[in-house]
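Below is one structure, written out as structure tokens; comments come after it.
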Amino acid sequence: MELNVYNIEGKETGKKVTLNEAIFGIEPNDHAIYLDVKQYMANKRQGTHKAKERSELSGSTRKLIRQKGGGGARRGDINSPILVGGARVFGPVPRDYSFKLNKKQKQLARKSALAYKAKENAIVVVDALQYEAPKTKNIIALTENLKVADKKPLIILSEPNKNVYLSARNLKGVNVTTVSDLNTYSILNAKSLVFVEASFAGLDQIFKA
């Protein structure tokens, strides 16, 4: 699959790039995508939730009523979970939600996500992004020129570029990442991918590793 390369004005440069069939041409694996996104979301969870158990609650431990002869149910102390203001039964405790996922499984998931975008014709290639200073209007002009302003674009750089990042961070729906930080969730979360031409070399290198 060949794609035209555009400049920042949205005009064709006359160059073309051929997408690597081993990455963009595979049959997507939905289960691999599910597992990778699940891991990504799980790793973002802090797991700091906590509810007090009976032994941790502040309150009197005096037995409220006698065990027998009162005509009612047996009653312990005021920290009982069945009383208002009492402890919680089996409440949440701090835990780590992260889990391990095989490296090849993660690679398959990213390839599958990229293959979906290729099938949807949701990939645009720009020759280079070099800005002398961070200006939001630069990214606004870029997305409008490439006709992706309303398509929740993900701009993929070959290497970190502070000016591009700062120019885009105030724009809702526009995200910037490097090819080395590309993940399945960010690919699927975007409606269009804007690749800098040089980033394809890094992409090939990552999937060969």
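Only the coordinates and a few stated rules stand behind these numbers; no lab work does. This one's a predicted model, so the numbers in the text were calculated from it and none came from an experiment. Virtual Cβ from ideal backbone geometry, glycine too; neighbours counted across all protein chains shown.
Sequence-distant contacts, meaning Cα pairs under 8 Å at least 6 residues apart, place the relative contact order of the chain at 24 percent. Using the alpha-carbon centroid of each, what span in Å lies between region 131-194 and region 53-104? Distance between centres, Cα-based: 49 Å. Our estimate of slack between Tyr40 and Arg169, defined as 0.36 nm per intervening residue step minus the Cα-Cα distance, is 44.3 nm.
Over the chain, the Kirkwood radius and the radius of gyration, each from Cα atoms, give a ratio Rg/Rh of 1.29.
Each of Asp127, Asp150 has some number of other Cβ atoms within 10 Å of its Cβ, and from fewest to most they run Asp150, Asp127. List the longest stretch of the chain that has no exposed loop site; here a site is one of the GluC sites (Glu not before Pro) assigned by DSSP to anything other than H, G, I, E or B, with at most 15 other Cβ within 10 Å. So the longest stretch without any such site is 133-209. Helix 199-208 axis versus longest C-alpha principal axis of the chain: approximately 60°, rounded to the nearest ten. For region 49-96, the C-alpha radius of gyration divided by 2.2 N^0.38 Å, with N the number of residues, is 1.38.
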